[in-house]
1. Scan Asp148, Asp90 and give me the residue that is outside the structural domain of Thr13 (by TED's automatic domain parsing) and either over 28 Å from Lys14 (Cβ atoms) or exposed (fewer than 11 other Cβ atoms within 10 Å of the Cβ) (or both).
2. Is the stretch 130-137 home to any residue that is buried (at least 18 other Cβ atoms within 10 Å of the Cβ), under 13 Å from the mean Cα position of the chain (by Cα) and touching a residue at least 12 places away in the same chain (Cβ under 8 Å)?
3. For the stretch 59-69, check the following and say yes or no: at least one residue is of a type outside the set (Val, Ile, Thr), part of a helix (DSSP H, G or I), out of contact with any Leu (no Cβ under 9 Å at 6 or more places or on another chain) and more than 25 Å from Val20 (Cβ to Cβ).
4. Does the stretch 66-85 include one or more residues that are exposed (fewer than 11 other Cβ atoms within 10 Å of the Cβ), touching a helix residue (DSSP H, G or I) at 6+ places or on another chain (Cβ under 7 Å) and without any contact (Cβ under 8 Å) to a residue 40 or more places away in the chain?
5. Just for the stretch 74-100: of the residues that are in a helix (DSSP H, G or I) and more than 16 Å from Asp134 (Cβ to Cβ), which one is nearest to the chain's Cα centre (by Cα)?
Amino acid sequence: MAKALTAWKTNRTKIWVGAVTLLLVFYLVVSFQRSLLLLGDANLTAKALGVAYLVLPLIGAWALVRELLFGARTEKLAQILEAEGGLPEDNLPRTPAGRIIREAADLEFEKYRVEAEAAPGDWRSWFRLSCAYDAAGDRKRARAAMRDAVRLFRAAPKAAAQ
């Protein structure tokens, strides 16, 4: 039982991602099946709805694959940085509820912004900048910086990237 609890705590995010992915795949399959039923109907309005309904699973599948690839690539970069000892330390002060104190995150952010500006072609600096954006509460810029890190990592020669 203790082993299962430890596995749950260690892999909680992956388990939830798997569960949500399965639910989304189920929704996409049912949507696709319903769109085919509507396309087979003689009514033109039903056919139009079937075409519109067919687009939803295609967009959903594209978004699902894109997000899963983003997560896998991000995890790979984190593992490389962890092995190198380059992950930023999580030593920011927190509120009693566990949230990072924004002012402290903003101060720490400056360090990583300067690092990314000094080495714009280094995926490691962009990864750390993404973590700093995330700690400061700017999720949109955090994702953009992480996309830049992934792009730079994938463009780098394999020997230099690892």
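1. Values: Asp148 fails: either over 28 Å from Lys14 (Cβ atoms) or exposed (fewer than 11 other Cβ atoms within 10 Å of the Cβ) (or both).
None of the other options fit; the residue is Asp90.
2. Taking every residue of the stretch 130-137 in turn, at least one turns out to be buried (at least 18 other Cβ atoms within 10 Å of the Cβ), under 13 Å from the mean Cα position of the chain (by Cα) and touching a residue at least 12 places away in the same chain (Cβ under 8 Å).
3. No, there is no match, as no residue in the stretch 59-69 is of a type outside the set (Val, Ile, Thr), part of a helix (DSSP H, G or I), out of contact with any Leu (no Cβ under 9 Å at 6 or more places or on another chain) and more than 25 Å from Val20 (Cβ to Cβ).
4. No; the residues of the stretch 66-85 include none that is exposed (fewer than 11 other Cβ atoms within 10 Å of the Cβ), touching a helix residue (DSSP H, G or I) at 6+ places or on another chain (Cβ under 7 Å) and without any contact (Cβ under 8 Å) to a residue 40 or more places away in the chain.
5. Residues of the stretch 74-100 that are in a helix (DSSP H, G or I), as a first pass: 74-84.
Checking the rest, the ones that are also more than 16 Å from Asp134 (Cβ to Cβ) come to 76, 79-80, 82-84.
Working: Lys76: 12, Gln79: 15, Ile80: 17, Glu82: 18, Ala83: 21, Glu84: 22 Å.
Applying the filter and picking the extreme gives Lys76.
Residue-by-condition table, conditions (1) in contact with a Ser or Thr (Cβ under 7 Å, 6 or more places away or on another chain); (2) at pLDDT 90 or above; (3) closer than 29 Å to Arg66 by Cβ:
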{"residue": "Pro88", "(1), (2), (3)": "no, no, yes"}
{"residue": "Arg94", "(1), (2), (3)": "no, no, no"}
{"residue": "Arg102", "(1), (2), (3)": "no, no, no"}
{"residue": "Glu108", "(1), (2), (3)": "no, no, no"}
{"residue": "Ala119", "(1), (2), (3)": "yes, yes, yes"}
{"residue": "Ser125", "(1), (2), (3)": "no, yes, yes"}
{"residue": "Gly137", "(1), (2), (3)": "no, no, yes"}
{"residue": "Arg141", "(1), (2), (3)": "no, yes, yes"}
{"residue": "Leu152", "(1), (2), (3)": "no, yes, yes"}
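The values are calculated or read from the model by the stated rules, or taken from the named source; none is laboratory data. As the structure is a computational prediction, the values presented were derived from the model and not from experiment. Positions of Cβ are backbone-derived with ideal geometry, glycine not excepted, and every protein chain shown enters the neighbour counts.
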